[in-house]
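Note sheet for the following structure.
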Amino acid sequence: MPEYKSTIENGQTIIDSPHKVYGPEANDLSLQLRKADIDKVILAGMSVNLCVRARLHELLEQSYEVAVVRDATAEARLPEGDGYLAAIINFRYIANALWTTDEAITRITEAT
């Protein structure tokens, strides 16, 4: 997605590294955020009911303000249930905000 390259490589964006567990405790995400004096985080990702949820919980526990971009996430749908829907329902209760991609772009643009 070349149209996002300048945003991703702007020197201000922190991208979490690959991991072996679901949450950020296995890498230095929190350290990198603190070093950059960042206290607000926007989350998106492939496995909303696993990785995104684990990162949300851990970042909230560490006193970050966290917004989840609901249409920039995905999850498996199994006969036993819809992991995406389950996660989004829970995020309404625990995340600081639940945005669409358009809302996230607007808020980022207004903040810069």
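The values are calculated or read from the model by the stated rules, or taken from the named source; none is laboratory data. Keep in mind the model is a prediction, meaning the values are calculated, not measured. Using ideal geometry, Cβ is built from the backbone for each residue, glycine included, and neighbour counts are taken over all protein chains shown.
Which ones in region 1-40 are part of a helix (DSSP H, G or I) and at pLDDT 80 or above?
Residues satisfying the conditions are PRO2, GLU3, LYS5, SER6, LEU29, SER30, LEU31, GLN32, LEU33, ARG34, LYS35.
Restricting region 63-112 to residues that are of a type in the set (D, E, K, R) and surrounded by 17 or more Cβ atoms within 10 Å (Cβ to Cβ), which is modelled with the lowest pLDDT?
Looking at the filtered set, the residue picked out is GLU75.
Taking the condition of being outside any helix (DSSP H, G or I) and small (Gly, Ala, Ser), how many residues in region 77-104 meet it?
Here the count works out to 3.
With touching a Phe, Trp or Tyr at 6+ places or on another chain (Cβ under 8 Å), at pLDDT 90 or above and in a helix (DSSP H, G or I) as the only criterion, which of LEU60, LEU56, LEU50 stands out?
That would be LEU56, the only listed residue that is touching a Phe, Trp or Tyr at 6+ places or on another chain (Cβ under 8 Å), at pLDDT 90 or above and in a helix (DSSP H, G or I).
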